[in-house]
Amino acid sequence: MHDSIDIGKKIRELREAKGLNIKQLSVAVECTPSLISQFERGKADPSISMLKKIAKALNVNIVDFFMRSMNDEDVITKVQDRIDIQLKRWDAKIQSLVKNVTNKKMQPFYTVIKPGGGSHGVYTHEGEEFGFILQGELELMLNDKIHKVRAKESFYFNSQIPHNWGNSGKEDAVVLWVITPPTF
């Protein structure tokens with residue numbers, strides 16, 4: 001695997017590339033400048049919903065916070081080349097199964113969610129999501145309704161529906177997850 005990416009450093013790089021100061025970004029994502037500063041210094045991990053807000057304000061996708069470089073000739077992604085999208089508070093390891101989502105219509109992930117792990121917050125975005133549970137069980141909340149999706153079962157939903165996901169089981173939940181268009 002690659003060495004882990006410093007999410008705070010990437011937030012700062014992308015913010016500075018857009019010519020925004022911390023206060024301007026905090027206004028755009030509706031939080032305090034202190035919280036943005038904590039993220040950038042690695043003193044706090046953002047939730048997925050907060051990372052989505054930051055990505056939207058910076059006009060990037062969540063995966064951009066974790067990417068190093070892009071190469072359109074990358075057709076095969078080997079296990080050791082998967083890009084980890086992971087923050088401690090999620091208790092989930094999300095790996096991009098493609099190295100570059102530029103000009104792609106889908107964004108596939110291999111996701112391992114530890115017991116008690118999950119998105120820890122409701123969020124929405126454009127597009128649709130499909131998932132296939134390889135192992136364990138996933139709790140998927142759509143519009144306040146909880147759906148239990150078990151091994152060898154799949155799900156499909158419109159991503160504009162407020163959603164949240166987690167693992168309330170005793171073993172890791174392993175999910176092959178695809179979103180379209182790439183917005184994560």
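Structure summary
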item	result
Count, lysine Cα pairs under 14 Å in region 15-140, 8 or more residues apart or across chains	5
Region 77-184: trypsin sites (Lys or Arg not before Pro) in DSSP coil with no more than 16 other Cβ atoms inside 10 Å	78, 104, 105, 152, 170
Average accessible surface area per residue within region 91-184, 1.4 Å rolling probe, Å²	48
Kirkwood Rh in Å, taken over all unlike Cα pairs in region 78-184	13.8
Among (1) 15.3, 45; (2) 16.1, 47; (3) 16.2, 56, the entry that matches Rg and Dmax of the Cα atoms in Å as calculated here	(2)
C-alpha long axis of helix 48-58 to longest principal axis of the chain, angle in °	40
Label-point gap, in nm, between residue 168 and residue 13 - each point 7 angstrom along Cα→Cβ	3.9
Probe 1.4 Å - accessible area at residue 120, Å² to nearest ten	80
Dipole of the chain, positive end: most advanced residue of 142, 117, 39 [Cβ charges, Cα centre]	39
Neighbour-limited loop hits for GluC sites (Glu not before Pro), region 79-184 (at most 13 other Cβ within 10 Å; DSSP other than H, G, I, E, B)	126, 153, 171
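The values are calculated or read from the model by the stated rules, or taken from the named source; none is laboratory data. Bear in mind the structure is a predicted one, so any value in this text is a computation, not a measurement. Cβ coordinates were reconstructed from backbone atoms using ideal geometry, including for glycine residues, and neighbour counts include every protein chain displayed. With ligands, DNA and RNA removed, areas are computed over all heavy atoms of the protein, side chains included. Shrake-Rupley method; radii C 1.70, N 1.55, O 1.52, S 1.80 Å.
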